[in-house]
Amino acid sequence: MAFDGVTLYHLKEEFQSLLVGGRIRKIYQPEADEIRLLVNVGRENYNLLLSANASNPRAYITQKLKENPHSPPSFCMILRKYIMNGTITDFSQHQTDRVLEISIASKNEFNEPVTRKLLVEIMGRNSNIILIDETKIILDSMKKVGTTSSRYRQILPGRDYIYPPENNRIGFFDLSDETYEQLLAEYKDQTVERTLVQGLLGISPTVSREIGFRAGIDPKLIINELSKKQIQYLYQSFSEVISEIKETAFPNIIYLGRDMLDFATMDLHHMRQDHRIEAFPAVSNMLEEYYFRRDKMLRFKTHGANLRQQLETLLKKNKKKLKNLHQDVETSHKNEKNKLLGDLITANIYAIVKGMESVTLMNYFDPDCGTIEVPLKVNRTPAQNAQAYYKKYNKGKTALVHLDEHIRETEDKIYYLESLLNGLEQSTELAELDEIRHEYLHSEFNKKVLTKEDRKKQTPSKPHHFISSEGFHIFVGKNNYQNDTISTKMGVAEDCWLHVKHTPGSHVLIVANGRFITEATLLEAGILAAWYSKARNSSNVPVDYLEYKYLKKPNKAKPGMVTFTTHNTMYVTPSKEKVENIEVFVEKE
């Protein structure tokens with residue numbers, strides 16, 4: 001559910017109950033497109049965050065405070081001049097659109113009481129925060145909009161403020177029997193969803209789908225295709241939803257499995273069956289949690305993008321090197337022919353004279369005793385030609401020994417790089433990304449000089465922690481440092497350790513705690529091992545499992561590298577559904 005007119009209506013009601021009568025004691029601008037008002041109401045202080053960010057425009061009461069710049073931007077200074085120490089007298093919403101109006105009583109330069117308005121337009125890339133006076137003259141705005149950007153509506157100091165165009169849409173509180181019929185007639189060739197979104201001010205596609213769902217109508221149906229009963233059901237459903245919006249707010253975040261999907265301030269019936277709903281006591285609490293998690297995910301992706309690119313480049317380089325090495329091996333295997341030609345020249349040395357360019361000889365090593373043409377150097381004797389072929393043969397034989405060694409080294413490098421990339425895939429916290437970066441900087445692949453900051457020891461992060469269906473604790477490493485901890489410090493002899501066979505992935509530990517580990521728990525741990533590995537999209541994935549006492553960490557081995565003996569192998573097919581059915585351990589605060 002987008003930050004639509006319904007969300008803003010509930011937010012406005014919340015602000016009205018908490019902040020009206022409060023004084024604006026401080027004004028900050030921590031970001032270029034974000035301001036924060038410290039509002040004092042009685043003995044309580046509230047931090048009202050207002051953002052015109054193009055990707056995440058929003059407004060709510062926040063508990064998480066950002067650091068402020070040393071010198072305030074010009075817009076912040078203008079706000080301090082006009083509304084600092086002012087009293088909030090009202091919160092209102094323009095029609096049912098995404099425009100929040102904050103009325104602030106203060107005094108002008110002549111010490112006369114005036115009421116100014118701070119307008120927050122929550123409209124995607126066109127979002128803005130605008131300060132106007134009592135006559136609707138713009139005093140200043142966060143973003144300036146000139147004639148080059150908009151002919152209809154300029155947002156510049158000294159200009160008259162004009163509300164965003166409504167495009168003949170009706171406020172969702174103003175729809176009557178008559179306007180409903182007009183709406184259907186105007187959008188008769190459009191779908192139900194499109195009609196509600198384009199015809200009503202502040203209705204998002206999520207709400208329009210909810211209205212269609214409650215009416216038992218597919219929102220993709222064309223208005224002209226609806227029967228009279230369906231048209232009646234649609235209006236009744238709309239009236240029911242609007243009545244709920246007026247009566248109460250139900251702030252919640254919606255999850256699909258464990259992935260955060262959206263938020264809403266009403267009960268969405270069409271989301272109940274396949275989604276998990278997390279309710280919140282207030283709209284501001286819900287919005288802050290949603291945007292905090294969303295910002296965290298975006299920062300996480302940005303933070304890891306550069307490291308991912310470096311690792312993928314190195315992986316590509318080493319894979320190309322391995323391919324070339326295998327080609328060299330094939331070439332070396334053809335080297336047996338050089339020995340054959342040397343042997344044939346030696347056997348027929350009496351029949352060859354210096355100066356011949358080639359000679360056709362019988363191949364004694366061929367069961368059919370066929371002939372073979374042997375190229376010769378004209379300036380060499382027969383013995384010298386034979387020695388030249390033997391020299392090529394010995395050189396290729398020596399190269400083959402070294403090639404096998406280079407292939408093993410390159411395969412080890414590829415496995416290690418893939419384990420780092422797998423760690424990036426499994427990481428969920430910035431601290432875990434920092435661990436992978438730290439490991440990379442201390443590996444053989446980093447050619448840069450380490451700074452003092454790079455040499456600092458990383459604070460250990462925590463692995464995934466699950467509870468099996470039979471109550472066993474299962475730990476799953478997200479990166480090589482966590483894998484090392486699981487494989488060298490967390491287990492005892494009776495515990496069970498798992499890892500996908502011959503594939504980079506997480507180390508998994510089942511804590512026995514004096515109990516016999518059952519087949520069901522072992523299978524669940526195997527599914528986790530396969531899912532948190534490079535083979536997550538494969539079927540019949542081989543997973544090795546063994547008692548912890550058979551696990552060993554070789555000296556000077558890379559992080560996450562272990563050896564083991566006396567193991568068994570199971571085959572599992574991982575899926576997101578199976579993993580989500582395994583309980584996640586939640587620490588009690």
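The values are calculated or read from the model by the stated rules, or taken from the named source; none is laboratory data. None of these values were measured; they are calculated from a predicted model. Neighbour counts run over all protein chains shown; Cβ positions are idealised from the backbone, glycine included. All accessible areas refer to the heavy atoms of the entire protein, side chains included, with ligands and DNA or RNA removed. Shrake-Rupley method; radii C 1.70, N 1.55, O 1.52, S 1.80 Å.
A few notes on this one:
- For region 200-230, the residues whose amide N sits under 14 Å from a probe point set 7 Å from the Cα of His275 along the beta carbon direction are 204-214.
- Computed extension gain for Asn555 through Tyr364, at 0.36 nm per residue and net of the alpha carbon distance, reaches 63.5 nm.
- Under the combined filter of DSSP loop state and at most 12 neighbouring Cβ atoms within 10 Å, region 357-407 retains these GluC sites (Glu not before Pro): Glu357.
- Estimated FRET transfer efficiency (Lys462, Ala32; beta-carbon r; R0 45 Å; 0.05): 0.80
- Over the C-alpha atoms of region 5-160, the Rg to Rh ratio, Rh being the Kirkwood estimate, stands at 0.94.
- At full extension, Ser74 and Val145 could sit 23.9 nm farther apart than now, given 0.36 nm per residue minus the alpha carbon distance.
- Nitroxide proxy distance, nm - points 7 Å out along Cα→Cβ at Gln236 and Tyr152: 3.8 nm
- Full-extension gain in nm, Phe173 to Arg308, via 0.36 nm per residue minus C-alpha separation: 43.6 nm
- Lysine pair count for region 170-285 [Cα-Cα under 19 Å; pairs on different chains or 8 or more apart]: 5
- Solvent-accessible area, 1.4 Å probe, carbon plus sulfur percent, for the chain: 50 percent
- Figure legend: label point modelled 7 angstrom from the Cα of Asn45 along Cα→Cβ; residues of region 81-102 with amide N under 15 Å from it are 85.
- Candidate lysines for bridging to Lys556, where Cα separation is under 19 Å - those fewer than 8 sequence places away on the same chain excluded: Lys413, Lys457, Lys489
- Under 20 Å from Lys296, Cα to Cα: lysines that are on another chain or at least 8 residues apart: Lys64, Lys66, Lys462, Lys478
- Classification of region 155-257 by its C-alpha gyration tensor yields an oblate form. The axis ratio a/c (a ≥ b ≥ c) is 1.5 or more, and b/c is at least a/b.
- Shape class of the chain from the alpha-carbon gyration tensor: prolate, with a/c at 1.5 or above and a/b greater than b/c.
- Label point distance in nm, Leu441-Asp412, each placed 7 Å from Cα along Cα→Cβ: 2.5 nm
- Calculated FRET value between Glu583 and Phe110, using beta carbons and R₀ = 56 Å, to 0.05: 0.25
- Heavy atoms of the protein chains alone define the surface here; on that basis the chain has 54 Å² accessible area per residue at 1.4 Å probe size.
- Whether region 180-315 is rounded, prolate or oblate, judged on the alpha carbon gyration tensor where a/c under 1.5 counts as rounded: prolate
- Rg(Cα)/(2.2 N^0.38 Å) for region 464-584, N = residue count: 0.95
- Selected from Pro554, Ile372, Val114, residue furthest toward positive end of dipole (the chain; charges at beta carbon): Ile372
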